[in-house]
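Structure, as structure tokens:
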Amino acid sequence: GQNIDQPTEMTATEGAIVQINCTYQTSGFNGLFWYQQHAGEAPTFLSYNVLDGLEEKGRFSSFLSRSKGYSYLLLKELQMKDSASYLCAVRDPWNTDKLIFGTGTRLQVFP
Amino acid sequence: DTAVSQTPKYLVTQMGNDKSIKCEQNLGHDTMYWYKQDSKKFLKIMFSYNNKELIINETVPNRFSPKSPDKAHLNLHINSLELGDSAVYFCASSQASSGGSEQYFGPGTRLTVT
């Protein structure tokens, strides 16, 4: 089976840096996604990792270690608008149409 | 221009009723999906269609029936609604089902069954 773990909630201060971790146990690996979801809205794509290492995109970066089954999303220079849920998802290696989502991490940014 | 649209945005209905949710994408994507997000915000795939062909059919009660009249549309019909069907239903689409092809989500339909 496939299992994805993320912390349920995190808090941080405006201007700070926060790291949201995701660990996965899957029978194979075919890519990992991070999505952002504001309350009452649709998930929106943030990043994709398939090889080990860091992918940087402005204030957001995502890291992957396939040997450890581990990824993190790094958010720098936090803004109030970054308060949202962050969803880690892995592509099912046996059915590439299927994304398996974690339960998401709800991030609250305080002034 | 809306990329993935769903109607209705809110749906309140009584147990036992039948209802439909419609989804359309104007991105020219080949693959469309239905997801259910429960009260704990867990997002789980229900169905996936590729060029009108059913690709994924997760363990979903057969009261749920997807229909894809063409590759730009994927509708979801639910028969005999139950309290546990209350959730937000998201439609999504993607260009391909491999690599970094991201999924674009619609705004969601909040279904409340009373």
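Each value in this text was obtained by applying a stated rule to the coordinates, not by laboratory testing. Source: prediction; values computed, not measured. Here the Cβ is made from the backbone with ideal geometry for all residues, glycine too, and neighbour counts use every protein chain on show.
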Using the number of other C-beta atoms within 10 angstrom as an exposure proxy, rank A:Thr23, B:Thr59 with the fewest first. B:Thr59, A:Thr23
When the dipole is taken about the Cα centre of segment A:22-79, and only Lys, Arg (+1) and Asp, Glu (-1) are charged at their Cβ, what size is it in debye, to the nearest 20? 120 debye
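Out of the GluC sites (Glu not before Pro) in segment A:55-111, which ones are loop residues according to DSSP with at most 16 other C-beta atoms within 10 Å? Could you put the intermediate results ahead of the total?
Working: sites: A:Glu55, A:Glu56, A:Glu77; in loops: A:Glu77.
Answer in residue order: A:Glu77.
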Where a Cα-Cα gap under 17 Å defines reach, which lysines qualify for B:Lys44, not counting those fewer than 8 residues away within the same chain? A:Lys98, B:Lys36
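With a ≥ b ≥ c taken as the square roots of the eigenvalues of the C-alpha gyration tensor of chain A, please select rounded if a/c is under 1.5 and otherwise prolate if a/b is larger than b/c or oblate if it is not? Intermediate values should be presented prior to the final figure.
Values: a/c = 2.04, a/b = 1.66, b/c = 1.23.
Verdict is prolate for chain A.
Normalised by the empirical 2.2 N^0.38 Å for globular proteins, what value does the Cα Rg of the protein assembly as shown take? Intermediate values should be presented prior to the final figure.
Numbers: Rg = 17.5 Å, N = 225, 2.2 N^0.38 = 17.2 Å.
Taking N as the residue count of the protein assembly as shown, the ratio is 1.02.
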Rounding to the nearest 20 debye, state how big the charge dipole of the protein assembly as shown is about its Cα centre with +1 on each Lys and Arg Cβ and -1 on each Asp and Glu Cβ. 240 debye
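Can you list which of the trypsin sites (Lys or Arg not before Pro) found in segment B:18-114 are DSSP loop residues with at most 13 other C-beta atoms within 10 Å?
Details: sites: B:Lys19, B:Lys22, B:Lys36, B:Lys40, B:Lys41, B:Lys44, B:Lys52, B:Arg63, B:Lys67, B:Lys71, B:Arg110; in loops: B:Lys40, B:Lys41, B:Lys52, B:Arg63, B:Lys71.
Counting only loop positions with at most 13 other Cβ atoms within 10 Å, the trypsin sites (Lys or Arg not before Pro) in segment B:18-114 are B:Lys40, B:Arg63.
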Mean separation of Cα contacts under 8 Å, 6 or more apart, over the residue count of chain A: relative contact order %: 36 percent
Using just the alpha carbons, could you tell me how many Å³ per residue the convex hull of chain B encloses? 98 Å³
With θ set to phi - 60°, apply the Karplus curve 6.51 cos²θ - 1.76 cosθ + 1.60 along segment A:65-80 and write out the HN-Hα couplings as whole Hz, x wherever there is a Gly or Pro. 10, 5, 5, 9, x, 9, 9, 9, 10, 10, 10, 9, 6, 3, 10, 4
With no solvent and one equal point scatterer placed on each C-alpha of segment B:17-74, evaluate the Debye formula and give log10 I(q)/I(0) for q = 0.30 Å⁻¹, two decimals. -1.30
What lysines could a cross-link reach from B:Lys71, if we take a straight Cα to Cα line under 16 Å and drop same-chain neighbours fewer than 8 places away? B:Lys22, B:Lys52
For segment A:25-77: relative contact order, % (alpha-carbon pairs under 8 angstrom, 6 or more apart): 24 percent
Report, as a whole number in µm² per second, the diffusion coefficient that Stokes-Einstein gives for segment A:1-61 at 10 °C and 1.306 mPa s using the Kirkwood radius over alpha carbon pairs. 115 µm²/s
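Which order do A:Arg106, A:Arg66 fall in if you start with the one that has the fewest other Cβ atoms within 10 Å?
Fewest to most other Cβ atoms nearby, the residues stand as A:Arg66, A:Arg106.
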Would you pull out the residues with amide H under 5 Å of A:Ser47's amide H, same chain only if 5 or more places away, H placed 1.01 Å from N? A:Trp34
Report the Rg/Rh value for segment A:64-111, based on alpha-carbon coordinates and the Kirkwood definition of Rh. 1.08
Scan segment A:60-111 for chymotrypsin sites (Phe, Trp or Tyr not before Pro) in coil per DSSP, keeping those whose Cβ has at most 11 other Cβ atoms within 10 Å, and list them by number. A:Trp94
Tell me which of A:Met10, A:Gly53, A:Leu78 sits at the most positive position along the dipole axis of chain A, charges placed on C-beta atoms (Lys, Arg +1; Asp, Glu -1). A:Gly53
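What is the local net charge at A:Glu77, summed over the other residues whose Cβ is closer than 15 Å to its Cβ (Lys, Arg +1; Asp, Glu -1)? All intermediate terms of the calculation are to be shown ahead of the outcome.
Values: positive: A:Lys57, A:Arg59, A:Lys76, A:Lys81; negative: A:Glu14, A:Glu56, A:Asp82.
Taking every Cβ under 15 Å from that of A:Glu77, the sum is +1.
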Can you run phi through the Karplus equation (6.51, -1.76, 1.60; θ = phi - 60°) for segment A:14-28 and list ³J(HN,Hα) in whole Hz, with x for Gly and Pro? 3, x, 7, 10, 9, 10, 10, 8, 9, 10, 9, 10, 9, 7, x
